[in-house]
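S.K.: I'd like to ask some things about the structure below.
The values are calculated or read from the model by the stated rules, or taken from the named source; none is laboratory data. In this text, all values refer to a predicted model and were calculated from it rather than measured experimentally. Quick reminder, even Gly has a Cβ in these numbers, built from the backbone with ideal geometry, and neighbours come from all protein chains shown.
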Amino acid sequence: MKTILMTLAALMLSSAAQAECPVGTAPYAKSLGGKPTCSLSGTYKDDLYLPNSNSYVLIGGVFMGYDNGKVGQELSLDPMTLTIQAGTQIFALNPKKDLSLPESQRIDRKDFLVISRGSKIEAAGTVDAPIVFSSAQGMHLAADQREAFPRARGDWGGLILNGKAPTNVCPDLTLCSAEGEAGTGYYGGNEPADNSGTLRYVRVEFGGDKINDEKEFNGITFNGVGSATNVNFVQVHKNNDDAIEFFGGNVNAKNLVLTGSGDDSIDWTFGYRGMIQYAIAQNDADDGDNGVEADNAKNVDLEPRSNPTLSNITLIGGPTTKRGLLLRVGSGGMIANSLVMGYKTCVDTETAHLPMVEITNNAFSCADLGSALSFPNNQEVDQKALLLNGYLPQEGSMLLATPSIELEDLFFDVPSFIGAVGDVDWTAGWTTAAQQ
């Protein structure tokens, strides 16, 4: 009788777990992150709410909203809103890399999440309950049993936001449908203030799966994303390619933490014109390329020209990194109130559009400063004077004694320090330093 009751209880629990999966998702065979797990797959045309009572797993390329990519009267959009509750975990893992599967089942599949043009993601986490996109490797096990299942760069794809803001790859912005990499949808238009939703207290970890032999997914890709989108307190950790890349658009961002990237930390191209303040980019010892890599387009004079503004950035290179600031292929840009250190070369602007480049009130410490001091009001500093503990300046640091200069746009604060962090560690509580 006891066995029968236990079996009935198990069936009831299983049914309850299945019943809790939102409409359009399905119960998943494994429980990931210690919670009942629901799978997401295909294209969603109706609003979707993901409560944190479950974990979720991406199966293949998952699209929020539909966009047929056509222009003019034939363009068809089915927009929707994906809302994710604070504390929710969303996992993904290419089966080719899933160590829990037998070899015969390890087939290659690209898992990623796309927010289509016109649709929104409302992912508002908190300091104590961030929203986490991560690798599913070993997450079906208790934390003390995962040693044989290490998470790694490239375990899954990444997060892609497609918007309707301008990009210079479209000659006519009113008839624009640029195609994202690896079949990740379409983007572009003539709405600089387009709104793709909210990313706040969000982590994206262990992404960057290979697209092909030459390309990988970025941690977060902003394709033509507009300035009404809210991006604040976001970490991309251990991505195999760039942490974040902007393909055109006008999206702004504050409080970014970009750690352990296998390639560049911040990358932009195709006419990006947003604003960024308070960004930390720190490479691990094993991999990394540039702190910032900036392009306009192969046709270097295409308009709108890439010309973003960055303030209070901390770029810390590692043993393999090349350049802190690489502005090239016709890109403009302003970088102010920032720290660049630990790269082979601090600044390379050889092929930038120099009439639109302004680099001012920054501190540099690299083996080769490059063109850093050819711009006014910059200084070379001894790393000893920085008094850094990781990226945090300690009492007496010259970074805390050097005020930021005021920038024109009201988006920017005017803090009393250089770099991304002053005497308050805004990264505490919601970021990770996990190596696997």
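S.K.: Kindly indicate whether residue 49 is modelled with pLDDT of 95 or more and surrounded by 19 or more Cβ atoms within 10 Å (Cβ to Cβ).
M.R.: no
S.K.: Quick test for you: out of 375, 417, pick the one residue that is of a type in the set (A, V, I, L, M, F, W, C) and surrounded by fewer than 18 Cβ atoms within 10 Å (Cβ to Cβ).
M.R.: 375
S.K.: I would also like to ask the following. Which numbered condition in (1) in contact with a strand residue (DSSP E or B) (Cβ under 8 Å, 6 or more places away or on another chain); (2) acidic (Asp, Glu); (3) not in a loop (DSSP other than H, G, I, E, B) is the only one that residue 155 fails?
M.R.: Against the list (1) in contact with a strand residue (DSSP E or B) (Cβ under 8 Å, 6 or more places away or on another chain); (2) acidic (Asp, Glu); (3) not in a loop (DSSP other than H, G, I, E, B), residue 155 comes up short only on (3).
S.K.: In region 313-338, what residues are more than 18 Å from the chain's Cα centre (by Cα), surrounded by 24 or more Cβ atoms within 10 Å (Cβ to Cβ) and more than 20 Å from residue 241 (Cβ to Cβ)?
M.R.: Those that are more than 18 Å from the chain's Cα centre (by Cα), surrounded by 24 or more Cβ atoms within 10 Å (Cβ to Cβ) and more than 20 Å from residue 241 (Cβ to Cβ): 333, 335, 337, 338.
S.K.: Continuing with this model, one more query. Does at least one position in region 252-260 carry a residue that is touching a Lys or Arg at 6+ places or on another chain (Cβ under 7 Å), among the small types (Gly, Ala, Ser) and modelled with pLDDT of 95 or more?
M.R.: The answer is yes; a qualifying residue exists.
S.K.: For residue 264, are the conditions met, namely being buried (at least 24 other Cβ atoms within 10 Å of the Cβ), more than 11 Å from the chain's Cα centre (by Cα), on the phi < 0 side of the Ramachandran plot and in a loop (DSSP other than H, G, I, E, B)?
M.R.: For residue 264, the condition - buried (at least 24 other Cβ atoms within 10 Å of the Cβ), more than 11 Å from the chain's Cα centre (by Cα), on the phi < 0 side of the Ramachandran plot and in a loop (DSSP other than H, G, I, E, B) - is met.
S.K.: Starting from residues that are among the aromatic types (Phe, Trp, Tyr) and in a loop (DSSP other than H, G, I, E, B), keep the ones in region 356-395 and report whichever is nearest to residue 281 (Cα to Cα).
M.R.: 391
S.K.: How many of the residues in region 52-74 are surrounded by fewer than 17 Cβ atoms within 10 Å (Cβ to Cβ), assigned to a loop (DSSP other than H, G, I, E, B) and not small (Gly, Ala, Ser)?
M.R.: Count: 4.
A quick yes/no check of all residues on (1) buried (at least 24 other Cβ atoms within 10 Å of the Cβ); (2) on the phi < 0 side of the Ramachandran plot:
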| site | (1), (2) |
| --- | --- |
| 181 | no, yes |
| 202 | yes, yes |
| 208 | yes, no |
| 213 | no, yes |
| 217 | yes, yes |
| 237 | yes, yes |
| 243 | yes, yes |
| 255 | no, no |
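S.K.: I'd like the full set of residues that are surrounded by 12 or more Cβ atoms within 10 Å (Cβ to Cβ), out of contact with any Cys (no Cβ under 6 Å at 6 or more places or on another chain) and not hydroxyl-bearing (Ser, Thr, Tyr), limited to region 361-372.
M.R.: 361, 362, 363, 368
S.K.: Where residues in region 66-108 are touching a Ser or Thr at 6+ places or on another chain (Cβ under 9 Å), among the hydrophobic types (A, V, I, L, M, F, W, C) and at pLDDT 95 or above, which of them is farthest from residue 163 (Cα to Cα)?
M.R.: 93
S.K.: Also: Is it the case that residue 116 is over 22 Å from residue 237 (Cβ atoms), of a type in the set (Ser, Thr, Tyr) and buried (at least 19 other Cβ atoms within 10 Å of the Cβ)?
M.R.: Criteria met by residue 116.
S.K.: Follow-up. Among 165, 193, 182, which is of a type in the set (Gly, Ala, Ser) and either outside any loop (DSSP other than H, G, I, E, B) or free of Cβ contacts under 8 Å to residues at least 24 places away in the same chain (or both)?
M.R.: It is 182.
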